[in-house]
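Take a look at the structure set out below.
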There are 2 protein chains.
Amino acid sequence: MEKKIFREFLEKKGCKFTKERAAILSEVFSNHGHFDPEDLFSKIREKEAKASRASVYRTLQLLLECGLVEQVERIDKHAHYEHTFGHKHHDHLICLRCGKVIQLFSEKLEKLQESLCKKENFRCVSHTLEMKGYCEKCGSKGRK
Amino acid sequence: MEKKIFREFLEKKGCKFTKERAAILSEVFSNHGHFDPEDLFSKIREKEAKASRASVYRTLQLLLECGLVEQVERIDKHAHYEHTFGHKHHDHLICLRCGKVIQLFSEKLEKLQESLCKKENFRCVSHTLEMKGYCEKCGSKGRK
DNA sequence: ATTGTAATTGAGAATCAATCTCAACATAAA
DNA sequence: TTTATGTTGAGATTGATTCTCAATTACAAT
């Protein structure tokens, strides 16, 4: 399914659906957590189907472009991603102590955001809400 | 005022309020836009009061820790900051075409976020809402 | 003032994610 | 098959950020 979407996107763009891109796509959709490019690269390296680091970065860019993947805010400083096809948009609560990420969705929140954009005549194409703090388990233990 | 806060924070931490830190602090509060470490460094370099790049980065870290400065989401990939003392919290609309940043505050939104955190027993210490899209001027012109 | 000591500084080196280069390779249409 | 165009990977490059460490400074105690 995501394969079809990606293939069509590439076609429309005059690009090719190569085996490297296929391998990267399938790895991206092979599980549901967040990942970073280096993760992705090394997981791909372990399999028969290989791709270079450069291709991983390039393909990630394409996946962002066609909306199959979104960039997620970072606890540390490098980029994190998650695939989004088949998932509803959601926001994140990020625990500063244990790194746990809680996903969250609120229809009310989405609506409110929309209306705020409208007020500014801003055409929103994506948004990120990230709340950092302490999760239930870590909450009582205070700060880092 | 922010000077007092910073000084007390440093003291509590067993650190010193040096002239370099003072220079950096005052530069950070000398105007109200976003900035990045390199900006800050070069502006400081132009003045009599100097500080090294290393000190800029180190001091920025301290300013984050004590809450005088917040990290803002990035359009490109490097870190941006803004000082926050004396400002209400606000969110950002970021134009993907011209880079314009519109600040935004909604009491309703804040309240809603709070209640979502409470539902998850999450103690939120900071949050960032960033909506990316096209501003009024750029909106009609479509995508990059 | 002087001294002791622990924090701080700056210049440049080091790190590290991300991007770029470019020659060799694939793919599809003519 | 030829041609044109897109793609690949290894390694080099970039560029922001962090680290190193000897020299310096601030501050409290003499």
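Could you let me know the centre-to-centre spacing of the range B:1-66 and the range A:1-57, using Cα atoms, in angstrom?
Spelled out, the Cα-based centre of one part sits 43 Å from the other.
Suppose accessible area is computed on protein heavy atoms with a 1.4 Å probe; arrange A:E2, B:E82 from highest to lowest.
A:E2, B:E82
Want the number for A:E136 to A:N121: 0.36 nm per residue separation, take away the alpha-carbon distance, what's left?
Full extension from A:E136 to A:N121 adds 1.6 nm.
Rounded to the nearest 5, what % of the DSSP beta bridges within the range A:89-138 are antiparallel ones?
50 percent
Grab the eigenvalues of the alpha-carbon gyration tensor for the protein assembly as shown, scale each by 5, take roots, and send me the semi-axes largest first in whole angstrom.
Listed largest to smallest, the semi-axes of the protein assembly as shown are 36, 23, 22 Å.
Evaluate the relative contact order of the range B:1-87 (contact order divided by residue number), counting alpha-carbon pairs under 8 angstrom at least 6 apart; express in whole percent.
Answer for the range B:1-87 is 29 percent.
If you average over every viewing direction, what projected area does the convex hull of the Cα atoms of the range A:89-138 give, in nm²?
Dividing the Cα hull surface by four gives the mean projection, 3.9 nm².
To the nearest whole number, what is the average tally of beta carbon atoms from other chains within 10 Å of the beta carbons of peptide B:111-118?
4
So with the 1.4 Å probe, I'd like the accessible area per residue for the range B:1-128, rounded to whole Å².
Result: 58 Å² per residue.
Can you give the average number of partner chain beta-carbon atoms within 10 Å of each beta-carbon in peptide B:131-137, as a whole number?
Rounded to a whole number, the mean comes out at 6.
Excluding same-chain pairs closer than 8 in sequence, count the lysine pairs in the range B:1-87 whose Cα atoms lie under 15 Å apart.
9
As I understand it, the value is the acute angle between the Cα axis of helix B:2-13 and the longest principal axis of the Cα atoms of chain B; what does it come to in degrees, rounded to 10?
70 degrees
What list of ³J(HN,Hα) couplings, whole Hz, do you get for the range A:103-118 from phi and the Karplus terms 6.51, -1.76, 1.60, once you set θ to phi - 60° and write x for glycine and proline?
8, 8, 9, 9, 4, 4, 4, 4, 4, 4, 4, 3, 5, 5, 5, 4
To the nearest 100 Å², how much accessible surface do chains B and A hide from each other in total, with a 1.4 Å probe?
3200 Å²
Tell me the volume per residue, in Å³, of the convex hull enclosing the alpha carbons of the range A:1-87.
So the per-residue hull volume is 91 Å³.
Quick check on chain A: helices-only [θ] at 222 nm, where DSSP H runs of length 4 and up contribute -39,500 (n - 2.57) each and the sum goes over total residues. Nearest 500, please.
It comes out at -13000 deg cm²/dmol, rounded to the nearest 500.
Can you tell me how much longer the chain between A:H34 and A:H87 gets when fully stretched, taken as 0.36 nm per residue apart minus their C-alpha distance, in nm with one decimal?
Length gained, A:H34 through A:H87: 17.8 nm.
The values are calculated or read from the model by the stated rules, or taken from the named source; none is laboratory data. Computed from a prediction, not measured in an experiment: that's the story for all the values here. Using ideal geometry, Cβ is built from the backbone for each residue, glycine included, and neighbour counts are taken over all protein chains shown. Note: areas computed on protein heavy atoms with side chains; ligands, DNA, RNA excluded. Shrake-Rupley method; radii C 1.70, N 1.55, O 1.52, S 1.80 Å.
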